[in-house]
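Notes follow the structure.
Where a number appears in this text, it was derived from the coordinates with a stated rule and is not lab data. Quantities reported herein were computed from a predicted structural model and do not represent experimental measurements. Ideal geometry is used to build each Cβ from the backbone, glycine not excepted, and the neighbour counts take in all protein chains shown.
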Amino acid sequence: YEAADRVGEWLVKLRRVAFLVATGSRWVKLGRRRVWIKYNVRAWTRALSAAAPPIPVIVEIHLDQMWDAQDVVFAAIQRRNFPAEIEEIRRKNINNPDSRKELLIKSSALLKLNPFMDAQGVVRVGSRLAKAKMPNEKKYPAILPRKDENVRAWIRYNHTRELHAGPLHTLNMT
């Protein structure tokens with residue numbers, strides 16, 4: 001994620017992280033992919049610097065790898081912006097959406113959102129839609145900070161993907 005942090009456009013950033021995820025899955029079992037990426041970020045940072053030429057696409061990137069990359073980016077954004085809350089969620093093992101009011105940091109902006117951490121390490125909103133027949137990403141949206149530049153890039157990308165729809169439609173589609 002840090003290697004792609006300097007890139008402004010969301011899709012370019014996501015493709016770089018997906019490339020790293022896809023490359024990692026080649027060498028390491030699926031469950032160890034994130035650990036492998038973590039240890040090799042320094043080498044990739046040098047390779048992906050602004051002065052370096054663009055990475056040739058050696059590995060075919062699939063849609064599920066793009067979703068994995070999006071989860072990696074979201075988790076990194078959350079770690080940067082909500083470190084105390086994430087530490088308490090991990091310490092208390094709040095990992096299902098039915099956990100009510102277990103976050104005890106009273107000054108936290110996440111307190112009212114009933115946060116929990118999913119299996120991919122993304123902090124999500126616990127909602128009343130638990131029994132709804134819809135994907136978990138829609139039932140339990142990821143909690144993202146308002147003023148992060150990466151989040152703004154993601155919203156801009158979705159805004160243009162939806163043919164410059166209005167703000168409510170864009171936020172509903174993200």
Apply the Debye scattering formula to the range 78-123, with a single equal point scatterer on each alpha-carbon and no solvent, then give log10 I(q)/I(0) at q = 0.13, 0.24, 0.28, 0.33 Å⁻¹. -0.22, -0.81, -1.13, -1.55
Inter-site label distance for residue 160 and residue 111 at 7 Å from Cα along Cβ, in nm: 4.0
Over 27 Å between C-alpha atoms is what I'm after, so list which of 13/131; 112/138; 13/133; 92/138; 13/92 land there. 13/131; 13/133; 13/92
Rounded to the nearest 0.05, what FRET efficiency is calculated for residue 168 and residue 84 with R0 set to 30 Å and r the Cβ-Cβ distance? 0.45
